[in-house]
1. Put a dot 7 Å past each Cα toward the Cβ at residue B:205 and residue A:224; how far apart are the dots in nm?
2. Might you work out the accessible area of residue B:69 for me, using a 1.4 Å probe with all protein chains in place, and round it to the nearest 10 Å²?
3. Amide H neighbours of residue B:237 under 5 Å, at least 5 residues apart or on other chains, H built in the peptide plane: list them.
4. Quick one: which residues, 5 or more positions from residue A:153 or on another chain, have an amide H under 5 Å from its amide H? H modelled 1.01 Å from N in the peptide plane, none for Pro or chain starts.
5. Mind checking A:42-54 for the average number of partner chain beta-carbons within 10 Å of each residue's beta-carbon?
6. To the nearest hundred square angstrom, how large is the accessible surface buried between B and A, total for both chains, probe 1.4 angstrom?
7. Tabulate in residue order the Karplus-calculated ³J(HN,Hα) for the range A:264-281, using 6.51 cos²θ - 1.76 cosθ + 1.60 with θ = phi - 60°, rounded to whole Hz; enter x for Gly and Pro.
8. How far is residue B:54 from the same spot in each other copy, in nm, shortest first, if each label point sits 7 Å from Cα toward Cβ?
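The values are calculated or read from the model by the stated rules, or taken from the named source; none is laboratory data. Everything numeric here is computed off the predicted structure, so don't read it as measured data. Note: ideal-geometry Cβ built from the backbone for every residue, glycine included; neighbour counts use all protein chains shown. For the accessible areas, the whole protein counts, side chains as well, though only heavy atoms, and no ligand, DNA or RNA atoms are used. Shrake-Rupley method; radii C 1.70, N 1.55, O 1.52, S 1.80 Å.
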There are 2 protein chains.
Amino acid sequence: MATDPSVRDGNGGTGLVAGALAGDRRALARAISRVERDDETGRSLLALFYPRSGRAHRVGITGPPGAGKSSVIAHLVAAFRAEDRRVGVICVDPTSPFSGGATLGDRVRLMEFHADPNVFVRSMASRGHHGGLAATTAAVAHVLDAVGFDPILIETLGVGQDETEVAGLAHSVVVLQVPGLGDSVQTLKAGVLEIADVLVVNKADRPEAERLFRDLAAMLSLAERPGTNEWSVRLLRSSATTGTGIDQLVAAIHAHRQWLEETGAWHDRQRHLAASELSTLLRRSIEERFRAGGPADGWSSVVDEIASRRRSPGEAIQGLLAGLDERMDRGRP
Amino acid sequence: MATDPSVRDGNGGTGLVAGALAGDRRALARAISRVERDDETGRSLLALFYPRSGRAHRVGITGPPGAGKSSVIAHLVAAFRAEDRRVGVICVDPTSPFSGGATLGDRVRLMEFHADPNVFVRSMASRGHHGGLAATTAAVAHVLDAVGFDPILIETLGVGQDETEVAGLAHSVVVLQVPGLGDSVQTLKAGVLEIADVLVVNKADRPEAERLFRDLAAMLSLAERPGTNEWSVRLLRSSATTGTGIDQLVAAIHAHRQWLEETGAWHDRQRHLAASELSTLLRRSIEERFRAGGPADGWSSVVDEIASRRRSPGEAIQGLLAGLDERMDRGRP
């Protein structure tokens, strides 16, 4: 394939990468679109951005629909802007106002952001499925990271099969809960408490909020291990409509980053994010390989052996994994 | 590991495999439980069953909750028993009566089946997640297939992310639709029509049934390619409460199997099932590898390189896939 001109001069010319790195917003948006498309040009672009990434603090904001994630994010963006940070927002939640339908208040806030060159909002809610979405989210985060956005807020839907997927995408995870979405603590789905670094009872002015707060506090105290070097999950109240509690949330996010850096946990999380991304990409690639070419090309002799019962799927897998491990151990896959 | 006694004499002794092959129902149930557990013994057992499988007709029954899948399956089991076939049922739908809650009528039918040695019902709705479930379903189908159950009916939930997963598990796919679950044809989610070999409007005595039937017929006629060697999707009406239309459904399932065999499509489907299983197992294994050991073992040097930005995830993946392809092309992974 002939190299796209925008890539060719990406290391210093006027192409998309150079433009994006120089702060050209249109170049950034176009580069992200290419990266999202995940074609050859997109992958070449990503490979140019990737070495410059690795500094941004990725913050996952998750919670069920109606928890007020977008309103909280709007407040967070304003708060980080007041600290003169450049803020990226990636929205992976299809029910989010960022992805379409929005309240008037959210729309007004979003319009403000659109005019601010130091805020970049990207909604990818309608792009592809599961594994594909996680892979694309990571890729877009690398681009925003490379051009200097920090923090990067990632809004995901805290329900469904992959509610804990955000833990593979973010250094810090904020889980929003709201009273009245069911029987208090039961709304906290399995696995969500485990990934929370900060737990927020939003819409705290609702009548049942205090009971939810107490229940969550009780659950957290059960899980608490005093004396260890572990992070203690922060439990907060907020009201996104009035802005109450946002300062504490910003402080908790900062505190978590500081804890990550001071304890060396930042390094562990970087490795965890890298491992998650590798796993996601590998699984997606395998799925695509089988979907695109079908059994007819490449892998067909193995598929034939399995279909004709000369070899079991388990035996085939063992051999394949041994091969992967071998390549991995060599450190040069 | 010391070989489990039930495996050791599995090739002719009194162990689980031999017992199951000889028609011992308890041995079969225990063997399936071990296979489901997917530990070393389970995999050894599966490897003994697998070469004897490959004859059974796997029929997927899918549709939204409330479509009456379990009632239809109960009728199908009775119909196939009347033909003196041994019938296996694997239920992957967590909302199914087979998995728990059931109407009195379904319970009574299920109790009849329990007394019949030529019917074997296995519910695995609560076992593991997504990919894991598909892998386990295929494994259990191999066991039932090896011991002579044919057909094997697989009940899956026709909604959610993997609604088309059943196409990788069954030779023939029956999609149930019911009137009144929304705005008629819109209830037919994307991808479901594509996988249907037989399309059934169940609860056809409901007032809106005719409209749904007409809409589906119109959609099918648009997709029809006359003159080709393709299978024409059968569109049927049924009422599982009265048993109306079950004969036509049985006939359609037989006709589809006959078409598969006469056109050579059976062979293609076997390969498709083998490829799907290989893909599912490989993806699950990769996920487990990253989950279990974490980045610390084995793959850690690559993860380090990615985390430290010395290499991009995309580059690592390219190398890994090239390695997989190489092993596959050699035909001896």
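1. Each label point is offset 7 Å from its Cα along the Cβ direction, giving 6.1 nm.
2. 10 Å²
3. When sequence neighbours closer than 5 places are left aside, the close amide H contacts are B:201.
4. HN-HN under 5 Å from residue A:153: A:59, A:88, A:89, A:90.
5. Details: counts 1, 5, 1, 0, 3, 5, 1, 1, 7, 5, 1, 2, 4.
Mean partner shielding for this stretch: 3.
6. On the way: alone 16950 and 17000 Å², together 28260 Å².
Interface area, both chains combined: 5700 Å², rounded to the nearest 100.
7. So the J values, rounded to whole Hz, are x, 5, 4, 4, 4, 5, 4, 5, 4, 5, 5, 5, 4, 5, 4, 4, 4, 5.
8. Those separations, rounded to one decimal, come out as 5.0 nm.
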